[in-house]
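Chemist: Sharing a structure with you now.
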2 protein chains.
Amino acid sequence: MATTQDVRLRVFSLNCWGVRYLSQHCTPRYQMIADLLKEEDFDLILLQEVYSEKDYLFLKRALSHCNPHSHYFKSGVIGSGLALFSKHKLLDVFLYRYSVNGFPYKAFHGDWYAGKAVGMVVVNIGGMIAHVYITHLHAEYSREKDAYLPHRVAQTWELVQFVRLTSAAADLVILGGDLNMHPSDLGIRLLRGYTGLVDCYHATQNFQGCPDGATYIPQNPFTSKSELETFPNGIRIDYILFKGSATLAAKCDSFSTTMGHVPGQPFPYSDHEALSVMLLAQRQQKKQEEEEEEEAMASSELLANLIDTVNEARTEVKVGLHHMEGMRHTAMRMGIMGLALLLLEMLIALVPWLAVSTEQGFPRATFYLLGSLSLVTLVLTGVLYIFYSTQVKALHSTEEQMRLAVLRLQEQVTSRGPHSR
Amino acid sequence: MATTQDVRLRVFSLNCWGVRYLSQHCTPRYQMIADLLKEEDFDLILLQEVYSEKDYLFLKRALSHCNPHSHYFKSGVIGSGLALFSKHKLLDVFLYRYSVNGFPYKAFHGDWYAGKAVGMVVVNIGGMIAHVYITHLHAEYSREKDAYLPHRVAQTWELVQFVRLTSAAADLVILGGDLNMHPSDLGIRLLRGYTGLVDCYHATQNFQGCPDGATYIPQNPFTSKSELETFPNGIRIDYILFKGSATLAAKCDSFSTTMGHVPGQPFPYSDHEALSVMLLAQRQQKKQEEEEEEEAMASSELLANLIDTVNEARTEVKVGLHHMEGMRHTAMRMGIMGLALLLLEMLIALVPWLAVSTEQGFPRATFYLLGSLSLVTLVLTGVLYIFYSTQVKALHSTEEQMRLAVLRLQEQVTSRGPHSR
């Protein structure tokens, strides 16, 4: 079984900015992306924001020789936008849809319609089982007043749990995508701390690309300059992370990003920069229990940090929960007002001596307009109340899971103690 | 690590029929359930339809001594109704919400509001890691004309994938709940065939309970007699399934159900019968590869059956998909009609010489009523169109996963061949 040969694995990730009719130059950009991918010959290609199935099928045809295996993850109304191409056969495919993901009435923020999710595929690469995850978390529309922070933290938690609980059989775990979080943000700390995944940017000495590994930069002509005012070097929000296992040692050999332009082309591939990494994986003897214990001992401090991080995430989810409960309450009050108005109108219509005079045109028109308005209010607030209720339940569920996680982590710290072995 | 001692594990499952204000005698029945559980001292208790958190908290208090660890899975608007109590500490908790689950406007069928899901907990039972799953699938309201069959099959598929992909680290896997399917139904064959889970009813020589293991019987005063007209012995729709692992041999020692009444009580625990099983688990030497291969060879026929089953399930999901697309189409047409009517009304209102005479009261009232109606139609069909679109995407996703599964299973058959080793 064990070989001493290194397996080399090239992984690519790009947010393609593929919102048809809204994103600029979609067709020529997909052609450029296809040309790049055909030339570079990656093992695994993780694409986000491929919102049009037509574009997915174009890529599928274009990559049919170098990456014959692929999956397009479907979710939400127009999403999930996640597409995966592989040189290696897909053994299994699964999808987890995040339970909290923005609001349907925020049509310009679109996230709800995209049905943000984490896609999973299992591939066999020369006898090595790799579990590959691709995701795109809720966007951050304002860093100062980020109304979606609890959503993104709750999504990160579900991502963490999904990866932790589905990767036990994996020799190698790879996660890539647009996480919409800066490297020191709560969600990234939670993800790295609790899954043990390593950020490729930190794991290699051999990095070529934008300063600080930025993937959304002002030099890119498609990016919003106002968004990047406070970040003149751009921000790093796209990631490839990985980890080996007891039977396989993995390391990141090199990491590169595009830099806002493509030589010989009038515009870049996307508004995000593309990431490519080279991973090296090597079979190793299963670690002895003693070794594992020692490693666990060394990580007591990490454990304490993780507890803080999960607690911080829990606080954020609680904030989101209170906010969501507030909105549900508002929807209910609006609904009651609509109902009261409707009942009043019905009373006026039914009781003759209250009826609006037929001679007066305006009050009658107002009467019916108010009636329509109250009816629509009633229907819409009813739908919203139901929606908010599902979101309250989902956030409650996340918070409970986090509470249990903190308890168990604290027990691990206690059971080790400062002097015990 | 290895011990030769058997671990004995008692598991209980019951659909509690706990819909407040609709289910009869909720309070005394929960008292009876609590008394039973305190007396019987189970390791794991899997309850469904605990829709009121108050009832969960009542049970939590009542069982605080014998089953101090518990989790209430929250999902949907009023659900998920799943509650788990354990004698053993919960190490991890996770929830997967089914992507397709009835319709929100079918309020009397309630499933959509319950947010049907599969809950998962990880427990450590004397050094043995058990992954315990609890679920409740979409109800079957008519066996002859089952409009929800594609929903239940899609849910079963997600359940299968969730269990398969999250149970790799488990020594023992236990799944219990109300599956709303008869033992020979497509979903049960899919679940057993693809996860390898064994039905406790088949696995034991020592069964005590209703004929054929029925769990919804006409002798129970709460059941619908018309529903059971064609099944005078009742139907078996509640299950406990299990499987061991390479390192742990598990078997079912005994299985019993309640029988429609409780001695000394005026009514039974619920409209469903309660299930209790005794599992025996024993550590074993990890199987040799050769042994595993031989076992795999023996299962070629099972594999062929499984391919048929997945194909059958895929057909069923496709039927559901076409139906869902049809409903989306209807919603769109209704929406366009509503919009056309609204535009016509606005035109009449805006163009003076088309305006309804102020002398005629009735046409004016009709005018505004029609306006309100078209407005409400527009809003509702818009919401429905969005809802159906998410469901179409979800069913597409399931169908794609099934297609891939069939391909991989077929390859397994081919690679073995009739004569190859």
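The values are calculated or read from the model by the stated rules, or taken from the named source; none is laboratory data. Predicted, not measured: the structure shown is a model, and the values here were computed from it. Reconstructed Cβ throughout: ideal geometry from the backbone, glycine too, with neighbour counts over all protein chains shown. In case anyone asks, the SASA skips ligands and DNA or RNA and just uses the protein heavy atoms, side chains included. Shrake-Rupley method; radii C 1.70, N 1.55, O 1.52, S 1.80 Å.
Chemist: Here is a list: B:Asp41, B:Asp92, B:Asp6, B:Asp55. Which entry is without any contact (Cβ under 8 Å) to a residue 60 or more places away in the chain and open to solvent by 60 Å² or more (accessible area, probe 1.4 Å)? Working first, answer last.
Modeler: Values: B:Asp92 fails: open to solvent by 60 Å² or more (accessible area, probe 1.4 Å); B:Asp6 fails: without any contact (Cβ under 8 Å) to a residue 60 or more places away in the chain; B:Asp55 fails: open to solvent by 60 Å² or more (accessible area, probe 1.4 Å).
B:Asp41 is the lone residue from the list that is without any contact (Cβ under 8 Å) to a residue 60 or more places away in the chain and open to solvent by 60 Å² or more (accessible area, probe 1.4 Å).
Chemist: Just give me the residues in region B:369-421 being among the hydroxyl-bearing types (Ser, Thr, Tyr) and either open to solvent by less than 40 Å² (accessible area, probe 1.4 Å) or within 30 Å of A:Tyr96 (Cα to Cα) (or both), in sequence order. Talk me through it step by step, then tell me what you get.
Modeler: Step one: filter region B:369-421 for residues among the hydroxyl-bearing types (Ser, Thr, Tyr), giving B:372, B:374, B:377, B:381, B:385, B:388-390, B:397-398, B:414-415, B:420.
B:Ser372, B:Ser374, B:Thr377, B:Thr381, B:Tyr385, B:Tyr388, B:Ser389, B:Thr390, B:Ser397, B:Thr398 - these are the residues of region B:369-421 that are among the hydroxyl-bearing types (Ser, Thr, Tyr) and either open to solvent by less than 40 Å² (accessible area, probe 1.4 Å) or within 30 Å of A:Tyr96 (Cα to Cα) (or both).
Chemist: Among the candidates B:Val93, B:Val123, B:Val77, B:Val132, which residue alone is within 11 Å of chain A (Cβ to nearest Cβ) and at pLDDT 95 or above?
Modeler: B:Val93
Chemist: I've got another one for you. Consider A:Asn305 against the criteria (1) within 21 Å of A:Asp171 (Cβ to Cβ); (2) modelled with pLDDT under 95: it satisfies all of them except one. Which criterion is unmet?
Modeler: All conditions pass for A:Asn305, except number (1).
Chemist: Give the residues of region A:234-277 that are open to solvent by 20 Å² or more (accessible area, probe 1.4 Å), in contact with an Asp or Glu (Cβ under 6 Å, 6 or more places away or on another chain) and within 23 Å of A:Met181 (Cα to Cα), sorted by residue number.
Modeler: Once the filter is applied, which keeps residues that are open to solvent by 20 Å² or more (accessible area, probe 1.4 Å), in contact with an Asp or Glu (Cβ under 6 Å, 6 or more places away or on another chain) and within 23 Å of A:Met181 (Cα to Cα), region A:234-277 yields only A:Thr258.
Chemist: Shifting gears a bit: What pairs come up if the first residue lies in region B:259-272 and is charged (D, E, K, R), the second is surrounded by fewer than 18 Cβ atoms within 10 Å (Cβ to Cβ), and their beta carbons are under 9 Å apart, counting only those six or more places apart or on different chains?
Modeler: Close Cβ pairs (under 9 Å, with a partner that is surrounded by fewer than 18 Cβ atoms within 10 Å (Cβ to Cβ)) amount to B:Asp271/B:Ser23; B:Asp271/B:Gln24; B:Asp271/B:Pro221; B:Asp271/B:Phe222; B:Asp271/B:Ser224.
Chemist: While we're looking at this one, here's another question. Being closer than 30 Å to B:His25 by Cα, hydrophobic (A, V, I, L, M, F, W, C) and surrounded by fewer than 20 Cβ atoms within 10 Å (Cβ to Cβ) is the filter here, so list the residues in region B:185-227 that pass it.
Modeler: Of everything in region B:185-227, those that are closer than 30 Å to B:His25 by Cα, hydrophobic (A, V, I, L, M, F, W, C) and surrounded by fewer than 20 Cβ atoms within 10 Å (Cβ to Cβ) turn out to be B:Phe207, B:Phe222.
Chemist: Applying the selection to region A:165-176, what residues are more than 8 Å from chain B (Cβ to nearest Cβ) and either surrounded by fewer than 24 Cβ atoms within 10 Å (Cβ to Cβ) or in contact with a His (Cβ under 6 Å, 6 or more places away or on another chain) (or both)?
Modeler: Here is the first cut: in region A:165-176, the ones more than 8 Å from chain B (Cβ to nearest Cβ) are A:167, A:170-176.
Residues satisfying the conditions are A:Ser167, A:Ala170, A:Asp171, A:Val173.
Chemist: Go through (1) of a type in the set (S, T, N, Q); (2) under 21 Å from B:Leu22 (Cβ atoms); (3) open to solvent by 10 Å² or more (accessible area, probe 1.4 Å) and name the single condition B:Ser80 misses.
Modeler: All conditions are met except number (3).
Chemist: Open to solvent by less than 10 Å² (accessible area, probe 1.4 Å), under 17 Å from the mean Cα position of the chain (by Cα) and over 24 Å from B:Met402 (Cα atoms): is that true of A:Leu137 in this structure? Working first, answer last.
Modeler: Details: open to solvent by less than 10 Å² (accessible area, probe 1.4 Å): yes; under 17 Å from the mean Cα position of the chain (by Cα): yes; over 24 Å from B:Met402 (Cα atoms): yes.
It is true that A:Leu137 is open to solvent by less than 10 Å² (accessible area, probe 1.4 Å), under 17 Å from the mean Cα position of the chain (by Cα) and over 24 Å from B:Met402 (Cα atoms).
Chemist: Same structure again: Residue check: is A:Ile33 surrounded by 24 or more Cβ atoms within 10 Å (Cβ to Cβ) and more than 20 Å from A:Val118 (Cβ to Cβ)? Working first, answer last.
Modeler: Working: surrounded by 24 or more Cβ atoms within 10 Å (Cβ to Cβ): yes; more than 20 Å from A:Val118 (Cβ to Cβ): yes.
Yes.
Chemist: Another question, then. Out of the residues in region A:9-22 that are at pLDDT below 95 and more than 14 Å from A:Gly81 (Cα to Cα), which is least open to solvent (accessible area, probe 1.4 Å)?
Modeler: A:Leu22
Chemist: Right, something else. Looking only at region A:1-44, how many residues end up being touching a strand residue (DSSP E or B) at 6+ places or on another chain (Cβ under 8 Å) and more than 26 Å from A:Gln284 (Cβ to Cβ)? Walk me through how you get there before you give the answer.
Modeler: Pass one, region A:1-44, residues touching a strand residue (DSSP E or B) at 6+ places or on another chain (Cβ under 8 Å): A:1-19, A:23, A:26, A:29-30, A:33, A:37, A:40-44.
Those left that are additionally more than 26 Å from A:Gln284 (Cβ to Cβ): A:12-19, A:23, A:26, A:29-30, A:33, A:37, A:40-41.
Result for region A:1-44: 16.
Chemist: Testing B:Arg333 on (1) part of a helix (DSSP H, G or I); (2) away from every other protein chain (no Cβ under 13 Å); (3) at pLDDT below 90, one condition comes back false. Which one is that?
Modeler: (3)
Chemist: Now, a different point. Of all residues being at the interface with chain A (Cβ under 9 Å from one of its Cβ atoms) and touching a helix residue (DSSP H, G or I) at 6+ places or on another chain (Cβ under 9 Å) in region B:399-414, which is farthest from B:Glu301 (Cα to Cα)? Just the residue, please.
Modeler: B:Gln401
Chemist: Of the conditions (1) open to solvent by less than 10 Å² (accessible area, probe 1.4 Å); (2) closer than 24 Å to A:Val11 by Cβ; (3) of a type in the set (Gly, Ala, Ser); (4) in a loop (DSSP other than H, G, I, E, B), A:Gly102 clears all except one; give me its number.
Modeler: If we test A:Gly102 against (1) open to solvent by less than 10 Å² (accessible area, probe 1.4 Å); (2) closer than 24 Å to A:Val11 by Cβ; (3) of a type in the set (Gly, Ala, Ser); (4) in a loop (DSSP other than H, G, I, E, B), just (2) comes out false.
Chemist: Collect the residues in region B:45-64 that are assigned to a loop (DSSP other than H, G, I, E, B) and more than 14 Å from chain A (Cβ to nearest Cβ), keeping them in residue-number order.
Modeler: Restricting attention to region B:45-64, the residues satisfying the condition of being assigned to a loop (DSSP other than H, G, I, E, B) are B:51-52, B:63-64.
Listed by number, the residues that qualify are B:Leu63, B:Ser64.
Chemist: Return yes when B:Ser70 is open to solvent by 10 Å² or more (accessible area, probe 1.4 Å), within 30 Å of A:Gln412 (Cβ to Cβ), within 14 Å of another protein chain (Cβ to nearest Cβ) and among the hydroxyl-bearing types (Ser, Thr, Tyr) and no when it is not.
Modeler: Working: open to solvent by 10 Å² or more (accessible area, probe 1.4 Å): yes; within 30 Å of A:Gln412 (Cβ to Cβ): yes; within 14 Å of another protein chain (Cβ to nearest Cβ): yes; among the hydroxyl-bearing types (Ser, Thr, Tyr): yes.
Yes, satisfied.
Chemist: Here's a follow-up. Going through A:Ala114, A:Ala154 one at a time, which residue ends up being within 14 Å of another protein chain (Cβ to nearest Cβ), modelled with pLDDT under 95 and within 23 Å of A:Phe103 (Cβ to Cβ)?
Modeler: On the way: A:Ala154 fails: modelled with pLDDT under 95.
Going through A:Ala114, A:Ala154 in turn, just one is within 14 Å of another protein chain (Cβ to nearest Cβ), modelled with pLDDT under 95 and within 23 Å of A:Phe103 (Cβ to Cβ): A:Ala114.
Chemist: Also, quick follow-up: Looking at the structure I just gave you, is A:Ala114 within 30 Å of A:Ser389 (Cα to Cα) and crowded, with 18+ Cβ neighbours inside 10 Å? Can you show your working first?
Modeler: Numbers: within 30 Å of A:Ser389 (Cα to Cα): yes; crowded, with 18+ Cβ neighbours inside 10 Å: yes.
Answer is yes for this residue.
Chemist: Of (1) open to solvent by 10 Å² or more (accessible area, probe 1.4 Å); (2) modelled with pLDDT of 95 or more, A:Lys145 satisfies all except one. Which?
Modeler: (2)
Chemist: Say whether the condition of being free of Cβ contacts under 8 Å to residues at least 24 places away in the same chain, out of contact with any Asp or Glu (no Cβ under 9 Å at 6 or more places or on another chain) and under 21 Å from A:Val310 (Cα atoms) is met by at least one residue in region A:172-184. So that I can check it myself, show each step before the final result.
Modeler: Taking region A:172-184 as the starting set, the residues that turn out to be free of Cβ contacts under 8 Å to residues at least 24 places away in the same chain are A:184.
Of the ones still in play, those that are also out of contact with any Asp or Glu (no Cβ under 9 Å at 6 or more places or on another chain) are A:184.
Still in the list and also under 21 Å from A:Val310 (Cα atoms): A:184.
Yes.
Chemist: Looking at region A:65-87 only, could you name the residues that are farther than 12 Å from A:Ile45 by Cβ and part of a strand (DSSP E or B)?
Modeler: Scanning region A:65-87 gives A:Tyr72, A:Phe73, A:Lys74, A:Ser75, A:Gly79, A:Ser80, A:Gly81.
Chemist: Sticking with this one: How do the helices (runs of 4 or more DSSP H) wholly within region A:147-233 filter down when requiring 1 or more residues that are under 19 Å from A:Thr258 (Cα atoms): which remain? Before you say what the answer is, go through the steps one by one.
Modeler: Working: elements: A:149-166, A:186-195, A:200-203.
Passing ranges, in order: A:200-203.
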